[in-house]
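This report refers to the structure that appears directly beneath it.
The values are calculated or read from the model by the stated rules, or taken from the named source; none is laboratory data. Remember, it's a predicted structure, so these values are computed and weren't measured experimentally. Neighbour counts run over all protein chains shown; Cβ positions are idealised from the backbone, glycine included. Each accessible area value is taken on the protein alone, full model and side chains, heavy atoms only, with ligands, DNA and RNA left out. Shrake-Rupley method; radii C 1.70, N 1.55, O 1.52, S 1.80 Å.
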Amino acid sequence: MAANRALPPTVLARLRTGLPVLVLSANARGTPHSTYSWAVAVDAGRLCVAVDRGGVTSANLRRSGRGAVQIVGTGGVNALVAGRAVRLRALLQPAGFPAALETWALTVTEAKNQSWPGVTTTELRYRWPPGHRAAMRRMEQAIYAALRDADAPRTRKRMIQVKSARTTSR
């Protein structure tokens, strides 16, 4: 049976606007590694994800050129997407975030719908402390917007300053 090389329509629809995901990679010995992050679907065959600049996930993706994304969405939208990973030129620097984020394109080589009939799930999402919730949600939306733009052709390396407005509450 041939691998499905496109995102299922329900997953594509949910990822178009962006979604928190688990980015999966493996070290040189094959030991699995996962990290929480954000992803946006560019189209049915390509995702953009953000990972900490210089982190373990970044090192694993650079070494192997392979990665995966686990999507857990509301209403049973669940999928495991594997693919070839290519680092994009854009770096994201979210306001209030401790590190720069690298942007990576994941070209889908296999997409598995992991939904179960009759079973619903709740969306994987960040729950921010009440005093920072509004600012952090704005930061997430800015990251999604930057990821949608990250795959656009560029002639030079650039840094995207992601503004999340005020990081304190009244």
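Which one of these is modelled with pLDDT of 95 or more and not polar (S, T, N, Q): GLY73, GLY67?
Exactly one of GLY73, GLY67 is modelled with pLDDT of 95 or more and not polar (S, T, N, Q), namely GLY67.
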Hits in the stretch 47-75 (condition: open to solvent by 20 Å² or more (accessible area, probe 1.4 Å) and either touching a Leu at 6+ places or on another chain (Cβ under 7 Å) or polar (S, T, N, Q) (or both)) | ASP52, ARG53, SER64, GLN70, VAL72, THR74
Select from the stretch 1-32 the residues that are small (Gly, Ala, Ser), open to solvent by 70 Å² or more (accessible area, probe 1.4 Å) and in contact with a helix residue (DSSP H, G or I) (Cβ under 7 Å, 6 or more places away or on another chain) and list them in ascending order.
-> ALA28
Out of all the residues in the stretch 112-127, is one or more part of a strand (DSSP E or B), touching a strand residue (DSSP E or B) at 6+ places or on another chain (Cβ under 9 Å), open to solvent by 20 Å² or more (accessible area, probe 1.4 Å) and not β-branched (Val, Ile, Thr)?
-> yes
Is it the case that some residue within the stretch 84-101 is modelled with pLDDT of 95 or more, touching a strand residue (DSSP E or B) at 6+ places or on another chain (Cβ under 7 Å), among the polar types (S, T, N, Q) and open to solvent by 40 Å² or more (accessible area, probe 1.4 Å)?
-> no
